[in-house]
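Below: one structure in structure tokens.
Nothing in this text is a laboratory measurement; each read-out follows from the coordinates by a stated rule. Everything numeric in this text was worked out from a predicted model, so none of it was measured. Here Cβ is always computed from backbone atoms with ideal geometry, including for glycine, and neighbour counts include all displayed protein chains.
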Amino acid sequence: MMKREDIPNLISVLRIFLSVPVVWSMLELRFDIALLLFAVAGISDGLDGYLAKHFGWQSRLGGLLDPLADKVLLVSSYLTLAILGMIPMLLMLLVILRDLVIVTGALVYNFRIRELEVAPSLVSKVNTFTQILLVLVVVLDEGLIGLPDLAIQVLIGVVFITTIASGINYVWVWSRLAAHHGRKDY
């Protein structure tokens, strides 16, 4: 039976499933619908976080589901926009590679070193923000408002840089933590 404490996790799961109509809308070139659904996903992300923190409904599962839902939405959006030729294929591959490195590193650290407490770094938060902003800008450009091509190209460059910086930051920090904790008996 579902309890009130499960509501944030349920919202995160629904956000994962919301990725399907977001992708479908983009593939159908219905960027107005994709933008609306992306906004709903963003609001749900804020809502589940608010509920979890405000009512003390935080859980380890929620700590995993929330970023997973964000990644599923972002990666599927990047894959779709790259397939449609709206962002560079190389950028999409870089975003996916970064996420694979982070997930692999987190799993290895969690199971070989010690339980991992997930806490995104500032550079990771900036990267996530720029990745989301790029999806929004491209969808806006295609669906509602024509934006200057230079602005989109600059944002693509910023996403390239922050994605690389964030990936390097995670590898650096977790490698140092692994070296430090690897010397202790846990």
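Given the options Ile33, Ile102, Ile43, which has the most mean-square fluctuation in a GNM of the chain, springs set between C-alpha atoms less than 10 angstrom apart?
Per the Cα network of the chain with a 10 Å cutoff, Ile43 tops the list.
Whole Å is fine, so just give me how far the alpha carbon centre of the range 1-33 lies from that of the range 106-164.
Using only Cα atoms, the two centres lie 19 Å from each other.
Could you pull out which residues in the range 77-96 have an amide N less than 19 Å from a spot 7 Å beyond the Cα of Leu27, following the Cα-Cβ vector?
The answer is 77-87, 89, 92-93.
All other residues with a Cβ under 12 Å from the Cβ of Leu35 taken together, and with Lys, Arg as +1 and Asp, Glu as -1, what is their net charge? Before the final figure, lay out each step's value.
On the way: positive: Arg30; negative: Asp32, Asp141, Glu142.
Every neighbour counted, the sum reads -2.
Which of the aspartates and glutamates could be linked to Lys3 by a straight reach, that is with a Cα gap under 17 Å, when you skip same-chain ones fewer than 8 residues away?
By straight Cα distance, Lys3 reaches Asp48.
Using Cα springs under 10 Å in a Gaussian network model of the chain, which residue among Asp149, Asp32, Asp70 shows the largest mean-square fluctuation?
With Cα springs under 10 Å in the chain, the top fluctuation among Asp149, Asp32, Asp70 is at Asp149.
If you build the convex hull over the alpha carbons only and average its shadow over all orientations, what do you get for the range 1-101? Give it in nm² to one decimal.
Details: hull surface 27.9 nm².
Average projection, Cα convex hull of the range 1-101: 7.0 nm².
On to the next question. Name the most mobile residue of Ala119, Ala69, Ala34, meaning the one with the largest mean-square fluctuation, in a Gaussian network model of the chain with Cα contacts below 10 Å.
Per the Cα network of the chain with a 10 Å cutoff, Ala119 tops the list.
Counting other beta carbons within 10 Å of each residue's own, what order do Asp48, Asp66, Asp6 fall into, fewest first? Write out the running numbers ahead of the final one.
Numbers: Asp48 24, Asp66 21, Asp6 15.
Starting with the residue having the fewest Cβ neighbours, the order is Asp6, Asp66, Asp48.
For the chain, which DSSP H helices look membrane-span-like by this rule: Cα extent along the axis of 24 Å or more and mean Kyte-Doolittle of at least 1.6? Could the numbers behind the result be given before it?
Details: long enough: 7-27 (30 Å, 1.70); 31-54 (34 Å, 1.00); 60-83 (35 Å, 1.06); 89-108 (28 Å, 2.44); 122-143 (31 Å, 1.41); 149-182 (49 Å, 1.06).
The qualifying helices are 7-27, 89-108.
Same structure again: Using a Förster distance of 25 Å, how high is the FRET efficiency between Val171 and Val13, based on the Cβ-Cβ distance and rounded to 0.05?
Working: r = 29 Å, r/R0 = 1.18.
After rounding to 0.05, the efficiency reads 0.25.
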